[in-house]
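The values are calculated or read from the model by the stated rules, or taken from the named source; none is laboratory data. What you see is a predicted model, and the numbers here were worked out from it, not measured in a lab. All Cβ positions, even for glycine, are placed from backbone atoms using ideal geometry, and neighbour counts span all protein chains on display. Please note that ligands, DNA and RNA were not included when accessible areas were found on the heavy atoms of the full protein model with its side chains. Shrake-Rupley method; radii C 1.70, N 1.55, O 1.52, S 1.80 Å.
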Amino acid sequence: MSPKVAIQCVAFWGEQARHDLDALFQSVTQLSYPKDKLFLVIVDNPSPHGTAVEYLMRRWGDNMALPRWEVVPSPVNDGYSGGHARGWAKSMESGADYIYLINQDAWLDPRAIEILVAYMEAHPNTAVAQSFVREAGSERINTCGNRLHYLGYGLRGTDPSDARPMFYASGAAVMMRPKMIKAIGGLFDPWNFMYHEDVDVSWRARLAGFDVAAVPESVAYHRYEFERSMKLFSWMERNRLMTHLSNFRVATLVLMAPMFMAMELGGLWFAFTSHRLCDKAATYGWFFQGETWRRIGQRRRVIRSLRQRTDREMLALMMDTLASEEVKSALLERVVNPVLRAYGGFLRWAVRW
């Protein structure tokens, strides 16, 4: 008997939402997985332009090719993290054996769910498995499993032959086991709002003893725009820092501090030259709030209760150097990366816990 899968999407009504949601819903009608074993959950976050529910019910409400589906209205816009936390509660009511998270601006190959379920069934210790995400309208890979630098920078994996270890699964198209989510203290923290929540959940899963994988035969498509992501730079930076402060031991953070501070100075220069200095200042502003440290303390207590793997093991899965298709720099390649590589070697030698 096929396991039950809840497919979750957080909707945010805007200029492209109609096109994006139509593409997603159309792809769900074409899935090879048994329709009676699927449940589609759309969390409708309110936006300045309204909500998605009226359009979805009018356009898709009587479509018999869809599995059972439900719109979960949200009273507030608490982003990708809060939306999926709300969707997770609805998915568990349905008795789902797996949940599959997908972006509003992504859609599925017909066999994407079937292949991931088969992989998860064959690999019982894998709790997080990502589809290969291709960029819409091209053969380019958006992500085939993401890398994480030891200073917290997430890097999209775009080369399937890259031997460097994958650290985390992209939240754009990923399947998870509910038992893992319960074991690590929940899905996403709504406090994150958006960005780095996929880093955090994969990190917690690894610390709890589970595995994280990418499955190239399972394919999703994503209307990805790098500049759109960079407009939310302050969220990316805040959540990068919060994730590191939550998940590493204090002794590891102390050893990392000199290089961390040096890179923060570099980050300030980047923010200045790219006209994002106000965003960077806003990031630091979060860490002058008591609520931020209360949240970090809560997260650290959860990590202490579930930890089965060491920081040393986590560092072995992280990258030493920075590289990006979108950002090229001779200074980065000739000066910064050699220093980062040397310091990464020092950390792997020094961290024994």
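Under the shape rule built on the C-alpha gyration tensor, where the axes satisfy a ≥ b ≥ c, the range 252-293 is oblate, since a/c reaches at least 1.5 while a/b does not exceed b/c. About its Cα centre, the range 195-290 has a charge dipole of approximately 220 debye under the convention of +1 per Lys or Arg Cβ and -1 per Asp or Glu Cβ, with nothing else charged.
Legend: calculated FRET efficiency, Asp36 to Asp62, from the Cβ-Cβ distance at R0 = 25 Å, rounded to 0.05, equals 0.90.
Rounded to the nearest 10 degrees, the angle from helix 79-93 to the longest Cα principal axis of the chain is 50 degrees. Label point of Glu333 set 7 angstrom out along Cα-Cβ; within the range 128-163, amide nitrogens under 18 Å from it belong to 158-159. Positive contributions from Lys and Arg (+1) and negative ones from Asp and Glu (-1), summed over other residues with Cβ under 13 Å from the Cβ of Leu151, come out at 0. I'd like the FRET efficiency for Tyr55 and Met1, computed as 1/(1 + (r/R0)^6) with the beta carbon distance as r and R0 of 35 Å, rounded to 0.05. Using R0 = 35 Å, I get an efficiency of 0.50.
Quick check: from the Cα gyration tensor, does the range 119-263 come out rounded (a/c under 1.5), prolate or oblate? In terms of gyration-tensor shape, oblate. For the listed peptides 210-220, 306-316, 268-278, a ranking on the average number of other beta carbons within 10 Å per residue, highest first, reads 210-220, 306-316, 268-278.
Its DSSP H runs of at least 4 residues, each contributing -39,500 (n - 2.57), put the calculated 222 nm mean residue ellipticity of the chain at -13500 deg cm²/dmol, to the nearest 500. What number comes out for the charge environment of Thr51, summing +1 per Lys or Arg and -1 per Asp or Glu over other residues with Cβ under 13 Å away? That sum, taken over residues with Cβ under 13 Å, equals 0. Heavy atoms of the protein chains alone define the surface here; on that basis the chain has 44 Å² accessible area per residue at 1.4 Å probe size. Atom-type composition of the exposed protein surface of the chain places 59 percent of the accessible area on carbon and sulfur (1.4 angstrom probe).
Spacing of the modelled spin labels on His19 and Glu70, each 7 Å from Cα toward Cβ, amounts to 3.2 nm.
The DSSP beta bridges internal to the chain are antiparallel in roughly 35% of cases.
The long axis of helix 277-286 is offset from the longest Cα principal axis of the chain by roughly 90 degrees. Subtracting the Cα-Cα distance of Trp353 and Phe260 from their residue separation scaled by 0.36 nm leaves 31.5 nm. Counting only alpha carbon atoms, the long axis of helix 337-350 and the longest principal axis of the chain meet at about 90°. Label-to-label distance for His275 and Trp293 is 3.6 nm, based on points extended 7 Å past Cα in the beta-carbon direction. Taking Cα centre as origin and charging only the Cβ of basic (Lys, Arg, +1) and acidic (Asp, Glu, -1) residues, the dipole magnitude of the range 54-192 rounds to 200 debye. Ranked by the mean number of other Cβ atoms within 10 Å per residue, highest first, peptides 56-69, 25-38 order as 25-38, 56-69.
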